[in-house]
Every structure is written in structure tokens, then in C-alpha cells.
Amino acid sequence: MHIARTISEMRVALRSRRVLNHTVGLVPTMGALHDGHRSLLQAARARCDIVAASIFVNPLQFGPNEDFARYPRTFEADCRMLEAERVDVLFAPSAEEIYPAGASTVICVEGVRDRLDGASRPGHFDGVATIVAKLFHIVQPEIAFFGQKDAAQVAVLRRMVRDLNLPVELAVCPTVREADGLAMSSRNRYLSPDERRQALVLSRALQTAETLARRGESNAARLLDAMRKIVAAEPAVKIDYMEIVDAHTLLPVEDTQAGALVAVAAHVGATRLIDNVLLPPVV
Ligand code: PAF
């Protein structure tokens, strides 16, 4: 695997590998890789001739009181996984390479950027959209792979790609869960054993919504009520948001028959976790 530290090195590495009709797949990450990332790498390997990954803990998407400084940085272990999944080129730039002094252009996906995580983390999705657009320009992938776990991020990026006519397909891969249901996240490693157990109410609440919907309940208020009762069993879990929304606009829906995104974010101790399920349309 070639590791490129600069934008020009990355462009040269891809140019020398890309031949006519080759498909380049990009898996953008912030490192601290887990099996959720592995599934994205495998999806990219299955569909693309050249697989590029990036590791960049993007300062622009962290608020002043968030975990940028302590975000896990596990470069050697990450490289082992990338090698094992046969990644061709890794882009691992410095912050100065990506945001040289005076950089002042930010991509703001109006409306969607203020919903769900965007409401609790002002500016977060401007940071995400900006880095992803930059990565798309640097790598020029035909397909880019993202996890469904970050459902609001997916909505923001889909809108950005559409609005800016970016020539890239977004491939969204299912959330990968631990055996007990906890959605995999780089932030799970912050959890104490007690917190990890408490955090299970989130996936349990989502599963309940899924089961009730499958049995015919489509009233969003009633689904949310059932979920809240489950989360209330763990008073240490503090809900940030729990919403049922349209997966594209992220606006609340009252009825889920046309399909909906059930999304939750909560603080478990000092750790903020997110999770979601997609309810399919009733046919
Ligand atoms: O999902 C993530 O890990 C990040 O938000 C991303 C897409 C790599 C942008 O920094």
C-alpha cells in the first residue's frame, strides 16, 4: 500500500495506477478503524479496480468543546487493516496540507446541515461537507463509500453531490453491530464496561421501533414513546435527540408508511453516541 502525505503525491500515485476505464473507490475515514470501516473497504474492493482510503482527523468538524484532541489515533493498527483489505493507496495528510494558512472556503449545505447532529453540533456538517468535497477533488473517485450509521452525514453529502453536480456515486453500507447490538464506532473505546452496557438501550430502542413498525404501527409519536420508555430504563443515558424523519430532508414525519429514518443520539457518560434504523416503506 502506498501512503501519500501530500495532495500532489496522492494525485501522482493515483495517476500512475489509473488506466482507461479503471474505477477508483474512496473510503474516507478519520482512522481508529473498526469492522464498520472494514465493511466499507470490502465493499470498495468488490466494486472498484483501485481502492483509496483516507485517514484525516478533520479539525473543521469538531466543535470547541468536543473530542478533537483525544480522538483515538491508531495509525499503525489502521495501516494493518488497510493492508489486509488490499487498499492500494492511503492518503494521510497533515492539517496544514489540507487547510493551509488563510484557507477560508467552507461548504454549507443549507437546511440539512442544521438537523439532527447538525442541531446539536453547530458547524459540524460544514466541516464534513468541506473535507469530503476536498477529498473528492483530490482523489476523483467514481464511487465513495460511507456508513449508514452516520445517516445525517449521508443526507448532507447526498445533497452536496446533487447540488454541486459532483461526478461521484455515494455507496452507503449497512451499520455493522457488535454481537449484542451496539453500533460499531471509533468512540465506543471511550466507554467504561458499565457505560458500554448502558449504551445498549439505544440499539434496543431502535429494534423496538423496527419491530412495532413491522407489526403495523406507523404513528411516529407512538413509536418514539415506546423508544423513550426503553431508554428511560438507563437514567445515565441522556438523550440528545430521538427523532423520526425523512431520510433525505431530515425533517420530522408524523407517519412512517412512506419509509422513515429513526435516529438517536445520546450521551453515555462523557461519550456521545449515535445510531439509527431505516424503516422501509409499507407496500
Ligand atoms: O464519517 C467520518 O469518519 C467522517 O465524518 C468523514 C466522512 C471521514 C469526514 O471527515
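The values are calculated or read from the model by the stated rules, or taken from the named source; none is laboratory data. None of the values given here were measured: they were computed from a predicted structure. Note: ideal-geometry Cβ built from the backbone for every residue, glycine included; neighbour counts use all protein chains shown. Note: areas computed on protein heavy atoms with side chains; ligands, DNA, RNA excluded. Shrake-Rupley method; radii C 1.70, N 1.55, O 1.52, S 1.80 Å.
Check Ile3 against each of (1) in contact (Cβ under 8 Å) with a residue 60 or more places away in the chain; (2) part of a strand (DSSP E or B); (3) surrounded by 19 or more Cβ atoms within 10 Å (Cβ to Cβ) and name the one condition it does not meet.
(3)
Go through (1) away from the ligand (no atom under 13 Å from the Cβ); (2) in contact (Cβ under 8 Å) with a residue 24 or more places away in the chain for Val19 and report which single condition fails.
Among (1) away from the ligand (no atom under 13 Å from the Cβ); (2) in contact (Cβ under 8 Å) with a residue 24 or more places away in the chain, the lone unmet condition for Val19 is (2).
Mind checking whether some residue in the stretch 18-32 is among the β-branched types (Val, Ile, Thr), surrounded by fewer than 21 Cβ atoms within 10 Å (Cβ to Cβ) and farther than 19 Å from Gly147 by Cβ?
Quick first cut of the stretch 18-32, residues among the β-branched types (Val, Ile, Thr) only: 19, 23-24, 27, 29.
Subset that is surrounded by fewer than 21 Cβ atoms within 10 Å (Cβ to Cβ): 19, 23.
Restricting the remaining residues to those that are farther than 19 Å from Gly147 by Cβ gives 19, 23.
Yes: one or more hits.
Mind checking which residues of the stretch 180-201 are surrounded by fewer than 14 Cβ atoms within 10 Å (Cβ to Cβ) and among the charged types (D, E, K, R)?
Asp180, Arg189, Asp194 - these are the residues of the stretch 180-201 that are surrounded by fewer than 14 Cβ atoms within 10 Å (Cβ to Cβ) and among the charged types (D, E, K, R).
Taking the stretch 51-67 as the search range and keeping residues that are within 10 Å of the ligand (Cβ to nearest atom) and polar (S, T, N, Q), which one is farthest from Ala92 (Cα to Cα)?
Gln61
When only residues in the stretch 150-167 that are over 13 Å from Cys108 (Cα atoms) and assigned to a loop (DSSP other than H, G, I, E, B) count, which is farthest from the ligand (Cβ to nearest atom)?
Asn165
So is Arg70 out of contact with any Ser or Thr (no Cβ under 7 Å at 6 or more places or on another chain), more than 30 Å from Leu191 (Cβ to Cβ) and more than 15 Å from the ligand (Cβ to nearest atom) or not?
The answer is no for Arg70.
What pairs come up if the first residue lies in the stretch 134-153 and is acidic (Asp, Glu), the second is away from the ligand (no atom under 11 Å from the Cβ), and their beta carbons are under 6 Å apart, counting only those six or more places apart or on different chains?
Glu142/Thr23; Glu142/Val24
Please name all residue pairs, on different chains or six or more residues apart, with Cβ atoms under 7 Å, provided the first residue is in the stretch 187-201 and is closer than 15 Å to Ala265 by Cα and the second residue is outside any helix (DSSP H, G or I) and open to solvent by 70 Å² or more (accessible area, probe 1.4 Å).
Note: pairs meeting the criteria are Leu200/Asp180; Val201/Ala233.
Kindly provide the set of residues from the stretch 45-79 that are over 20 Å from the mean Cα position of the chain (by Cα), free of Cβ contacts under 8 Å to residues at least 24 places away in the same chain and surrounded by 12 or more Cβ atoms within 10 Å (Cβ to Cβ), ordered by number.
Residues satisfying the conditions do not exist here.
What pairs come up if the first residue lies in the stretch 209-234 and is in contact (Cβ under 8 Å) with a residue 60 or more places away in the chain, the second is hydroxyl-bearing (Ser, Thr, Tyr), and their beta carbons are under 7 Å apart, counting only those six or more places apart or on different chains?
Taking only residues 6 or more apart or on different chains, the pairs are Ala213/Thr256; Ser218/Thr256.
Sort out which residues of the stretch 261-283 are touching a strand residue (DSSP E or B) at 6+ places or on another chain (Cβ under 7 Å) and open to solvent by 30 Å² or more (accessible area, probe 1.4 Å), and write them in order of number.
Matches in the stretch 261-283: His267, Arg272, Ile274, Leu278.
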